[in-house]
Amino acid sequence: MTADDRIVLDLADEADTIRFGEDLALALKPGDCLALSGDLGAGKSTLARAFLRAIADDPELEVPSPTFTLVQSYDLRIPVAHFDLYRLADGSELDELGFDEALAEGICLVEWPEMAEAELPKDRIRLQLTHSDAGRRAEISAPPHAAARIRRVLAIRQFLSDHGHAEDARRFLSGDASFRAYETVTDAEGGRRILMDWPLRPEGPPVLDGKPYPKVAHLAEDAYPFVAIARHLRSIGLLAPEILAVDYAQGLMLIEDLGQDGVVDETGAPIAERYGAAIDCLAHLHGTAPASDILVAPDHVHHIPAFDPVAMTIETRLLLDWYLPWKRGGQPVGDDERSAFIEIWSGLIAALDGAERHLLLRDYHSPNLLWQPGAEGLQRIGLIDFQDAMIGPTAYDVASLIQDARVTIPPALGADLLERYIRSRRAQGVFDEDGFRMAYAIMAAQRNCKLVGLWVRLKERDGKPGYLRHMPRTLTYLGEVLSHPVLAPLRQWMAQAGIEFSESRA
């Protein structure tokens, strides 16, 4: 271990120890071994209990001492095996307790690790608790990757403390397909806020003209766009979270909690009323004056990028770069096939030259739409995850909602939503319905070409295979939208490529 891998933390009292245990629950991941050392009464059991209850998100979770059983297992969000090796006769007995299997599946929390020093993983996280005045001192040594995660959760705790939330409870909420993660932050009175953890990331490999994918596709890389778009949406009467605190350098935001009620029922089926309210919000947005430059801070103006032909094309190429090779058992797409696909998309994108353009939120679908019980009108839908917003064809977000990537929208409901949107836009004044319908078909196809590749990339590159469950739905949507005449060349190319679509839905 190097000096950089050592972390020293003073814990003033038992409450500090509990909070530290809870924060560690946000830092550790499957495969981590946390070795807890310290004299009797140093706080090992207190910290272990807080750690387990935080992962369980259950303050009443029974956490019996494993002194006599030697190991206690917990089937939680991340499985945890809690070992107490005080009574272990020989370190070789660790294997009989199922240690390796537990570590492969989740986290191993080990008290009295001294009893199996040679048998425990060399890259374990060592945490020594000692008495210090009225409190305790925690000394941590860990491999660099684990130490970085621990430092991150401690930095978040300091951020919360700086903004008046030093004693609030933190719990894991979710992660998304990017590097962002979310926590709930709850005060003593039960008031809840959302912490967005958005660390800056090094640039990835170049994909076009020496630029990495996020820059070519105009994906947000810091918190300024989120703050800018949130303020703009609120200014035009839509509901976006209030920004309560932000640290742009560290990539941390504390925002208003808009609740957890979504637009689908307990079975995952769409609730028509809520999707209707969401389409009304889009129609309202597209009837307002578009913004292009938004003042975020005295020294920063966010310029909303254009969803330009380069960005559109690079997204469709995910089908070539990820989906088809995966479908073909690793065989890359040939040059002629690739060139034909890109040429078809060049023509389709050119056909959008006259399409209506406005602010598009990019992922306007069920995970990012929060129902507000008791609210009225446009305030019934809370909007989140709009940091990648761009200026582009208005049809894009409409297609994103009606062909929801994570929810199967029945064709009848999809048709009703499209007609509802068109009626609202007609009521606002001059509206080119035929041009919009053509743009809708192109944008729906563009988004679905991106998604079929994205699901594979998330599995193959990012180790997130769960997204593949959306593949059949995405292919079904793509097959349906290809019926529009403007997409005839793309339909023919896909037939020749052997891309199969699910049967049409009733």
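Do you know which of the residues in region 360-377 that are over 24 Å from the mean Cα position of the chain (by Cα) and not small (Gly, Ala, Ser) is nearest to Asp280 (Cα to Cα)? Give the derivation first.
Within region 360-377, the first condition is being over 24 Å from the mean Cα position of the chain (by Cα), and the residues that meet it are 373-377.
Filter once more, keeping what is not small (Gly, Ala, Ser): 373, 376.
Details: Pro373: 17, Glu376: 12 Å.
Filtering first and then ranking leaves Glu376.
Give region 268-293 a look and list any residue that's surrounded by fewer than 22 Cβ atoms within 10 Å (Cβ to Cβ), assigned to a helix (DSSP H, G or I) and either outside the structural domain of Ala395 (by TED's automatic domain parsing) or not aliphatic (A, V, I, L, M) (or both), or say none.
Across region 268-293, the qualifying residues are Glu273, Arg274, Gly276, Asp280, His284.
Could you go through region 139-162 and let me know if any residue there is over 28 Å from Lys44 (Cα atoms), part of a loop (DSSP other than H, G, I, E, B) and not aromatic (Phe, Trp, Tyr).
No, region 139-162 contains no residue that is over 28 Å from Lys44 (Cα atoms), part of a loop (DSSP other than H, G, I, E, B) and not aromatic (Phe, Trp, Tyr).
Could you please let me know if Leu318 is touching a Pro at 6+ places or on another chain (Cβ under 9 Å), in contact (Cβ under 8 Å) with a residue 40 or more places away in the chain and within 27 Å of Ala445 (Cβ to Cβ)? Break it down stepwise before answering.
Working: touching a Pro at 6+ places or on another chain (Cβ under 9 Å): no; in contact (Cβ under 8 Å) with a residue 40 or more places away in the chain: yes; within 27 Å of Ala445 (Cβ to Cβ): yes.
Against the criterion (touching a Pro at 6+ places or on another chain (Cβ under 9 Å), in contact (Cβ under 8 Å) with a residue 40 or more places away in the chain and within 27 Å of Ala445 (Cβ to Cβ)), Leu318 does not qualify.
Name the residues in region 6-49 that are assigned to a loop (DSSP other than H, G, I, E, B), surrounded by 21 or more Cβ atoms within 10 Å (Cβ to Cβ) and under 30 Å from the mean Cα position of the chain (by Cα), would you? Don't jump to the end; show me each part of the working.
Within region 6-49, the subset assigned to a loop (DSSP other than H, G, I, E, B) is 12-13, 28-32, 39-43.
Imposing the further condition that a residue be surrounded by 21 or more Cβ atoms within 10 Å (Cβ to Cβ) reduces the set to 28, 32, 43.
Across region 6-49, the qualifying residues are Leu28, Asp32.
Rundown of residues vs (1) β-branched (Val, Ile, Thr); (2) within 21 Å of Gln446 (Cα to Cα); (3) buried (at least 20 other Cβ atoms within 10 Å of the Cβ), yes/no style:
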position: Trp326; (1), (2), (3): no, yes, no
position: Val333; (1), (2), (3): yes, yes, no
position: Glu343; (1), (2), (3): no, yes, no
position: His358; (1), (2), (3): no, yes, no
position: Trp371; (1), (2), (3): no, no, yes
position: Gly374; (1), (2), (3): no, no, no
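Among the hydrophobic types (A, V, I, L, M, F, W, C), in the same structural domain as Leu36 (by TED's automatic domain parsing), buried (at least 20 other Cβ atoms within 10 Å of the Cβ) and at pLDDT 95 or above: does that describe Ala142?
Working: among the hydrophobic types (A, V, I, L, M, F, W, C): yes; in the same structural domain as Leu36 (by TED's automatic domain parsing): yes; buried (at least 20 other Cβ atoms within 10 Å of the Cβ): yes; at pLDDT 95 or above: yes.
In short, yes.
Of the conditions (1) in a helix (DSSP H, G or I); (2) over 27 Å from the mean Cα position of the chain (by Cα); (3) surrounded by 13 or more Cβ atoms within 10 Å (Cβ to Cβ), Ala427 fails just one. Which one is it?
(3)
On the given criteria, is Gly259 in a loop (DSSP other than H, G, I, E, B), within 20 Å of the chain's Cα centre (by Cα) and free of Cβ contacts under 8 Å to residues at least 12 places away in the same chain?
Details: in a loop (DSSP other than H, G, I, E, B): yes; within 20 Å of the chain's Cα centre (by Cα): yes; free of Cβ contacts under 8 Å to residues at least 12 places away in the same chain: no.
For Gly259, the condition - in a loop (DSSP other than H, G, I, E, B), within 20 Å of the chain's Cα centre (by Cα) and free of Cβ contacts under 8 Å to residues at least 12 places away in the same chain - is not met.
Among (1) closer than 23 Å to Arg77 by Cα; (2) part of a loop (DSSP other than H, G, I, E, B); (3) of a type outside the set (S, T, N, Q), where does Phe172 come up short?
(2)
Conditions: (1) assigned by TED's automatic domain parsing to the domain that holds Arg53; (2) outside any strand (DSSP E or B). His131 meets all but one. Number of the miss?
(2)
Would you pick out the residues in region 50-65 that are under 31 Å from the mean Cα position of the chain (by Cα) and among the small types (Gly, Ala, Ser)?
Ala50, Ala54, Ala56
Mind checking which pairs have a first residue in region 425-447 that is in the same structural domain as Leu320 (by TED's automatic domain parsing) and over 26 Å from Thr316 (Cβ atoms) and a second that is among the aliphatic types (A, V, I, L, M) and buried (at least 16 other Cβ atoms within 10 Å of the Cβ), Cβ under 9 Å, 6 or more apart or different chains?
Matching pairs, first to second residue: Arg425/Ala283; Ala427/Ala283; Gln428/Ala283; Phe431/Ile422.
Give the residue that is nearest to the chain's Cα centre (by Cα), with candidates limited to residues of region 113-142 that are touching a residue at least 40 places away in the same chain (Cβ under 8 Å) and more than 25 Å from Leu154 (Cα to Cα).
Selected residue: Leu120.
Could you figure out which of (1) within 18 Å of the chain's Cα centre (by Cα); (2) modelled with pLDDT of 95 or more; (3) buried (at least 19 other Cβ atoms within 10 Å of the Cβ) isn't true of Ala223?
The failed condition is (2).
Residues checked against (1) in contact (Cβ under 8 Å) with a residue 40 or more places away in the chain; (2) more than 20 Å from Ala439 (Cβ to Cβ); (3) assigned to a helix (DSSP H, G or I):
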residue: Gln379; (1), (2), (3): yes, yes, yes
residue: Asp385; (1), (2), (3): yes, yes, no
residue: Ala399; (1), (2), (3): yes, no, yes
residue: Asp404; (1), (2), (3): yes, no, no
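Out of Ala217, Ala240, I need the residue that is under 17 Å from His358 (Cβ atoms), crowded, with 17+ Cβ neighbours inside 10 Å, aliphatic (A, V, I, L, M) and touching a helix residue (DSSP H, G or I) at 6+ places or on another chain (Cβ under 6 Å). Which one? It would help to see each step written out before you state the result.
On the way: Ala217 fails: under 17 Å from His358 (Cβ atoms).
It is Ala240.
Can you pull out every residue in region 194-248 that is among the aromatic types (Phe, Trp, Tyr) and in a loop (DSSP other than H, G, I, E, B)? Before you say what the answer is, go through the steps one by one.
Keep residues of region 194-248 that are among the aromatic types (Phe, Trp, Tyr), which gives 198, 213, 224, 226, 248.
Correct list: Trp198, Tyr248.
Scan region 155-197 for residues that are out of contact with any strand residue (DSSP E or B) (no Cβ under 7 Å at 6 or more places or on another chain) and of a type outside the set (D, E, K, R) and report the count.
As a first pass, look at region 155-197 and keep what is out of contact with any strand residue (DSSP E or B) (no Cβ under 7 Å at 6 or more places or on another chain): 155, 157-158, 161-162, 164, 166-167, 176-179, 187-191.
When the remaining residues are screened for being of a type outside the set (D, E, K, R), the result is 155, 158, 161, 164, 166, 177-179, 188, 190-191.
Looking only at that region, the number is 11.
Quick check on region 482-494. Is at least one of its residues touching a residue at least 40 places away in the same chain (Cβ under 8 Å) and assigned to a loop (DSSP other than H, G, I, E, B)?
Just the residues of region 482-494 that are touching a residue at least 40 places away in the same chain (Cβ under 8 Å), to begin with: 484, 486-487, 489-490, 493.
If we keep only those that are assigned to a loop (DSSP other than H, G, I, E, B) too, we end up with 484.
For region 482-494, residues touching a residue at least 40 places away in the same chain (Cβ under 8 Å) and assigned to a loop (DSSP other than H, G, I, E, B): present.
Assess whether Arg53 counts as being closer than 22 Å to Thr130 by Cα, out of contact with any helix residue (DSSP H, G or I) (no Cβ under 6 Å at 6 or more places or on another chain) and either outside the structural domain of Ala15 (by TED's automatic domain parsing) or modelled with pLDDT of 95 or more (or both). Explain how you work it out, then say what you get.
Working: closer than 22 Å to Thr130 by Cα: no; out of contact with any helix residue (DSSP H, G or I) (no Cβ under 6 Å at 6 or more places or on another chain): yes; either outside the structural domain of Ala15 (by TED's automatic domain parsing) or modelled with pLDDT of 95 or more (or both): yes.
In short, no.
From Arg338, Arg406, Arg362, Arg447, grab the single residue that is modelled with pLDDT under 95, out of contact with any Cys (no Cβ under 7 Å at 6 or more places or on another chain) and under 29 Å from Gly466 (Cα atoms). Spell out how you get there, then give the answer.
Details: Arg338 fails: modelled with pLDDT under 95; Arg406 fails: modelled with pLDDT under 95; Arg447 fails: modelled with pLDDT under 95.
That would be Arg362, the only listed residue that is modelled with pLDDT under 95, out of contact with any Cys (no Cβ under 7 Å at 6 or more places or on another chain) and under 29 Å from Gly466 (Cα atoms).
Go through (1) part of a helix (DSSP H, G or I); (2) modelled with pLDDT of 95 or more one by one and return the number of the condition Val310 breaks.
(2)
The values are calculated or read from the model by the stated rules, or taken from the named source; none is laboratory data. Keep in mind it's a predicted model, so treat the numbers as computed, not measured. Glycine also receives a Cβ, built like all others from the backbone with ideal geometry; neighbour counts cover every protein chain displayed.
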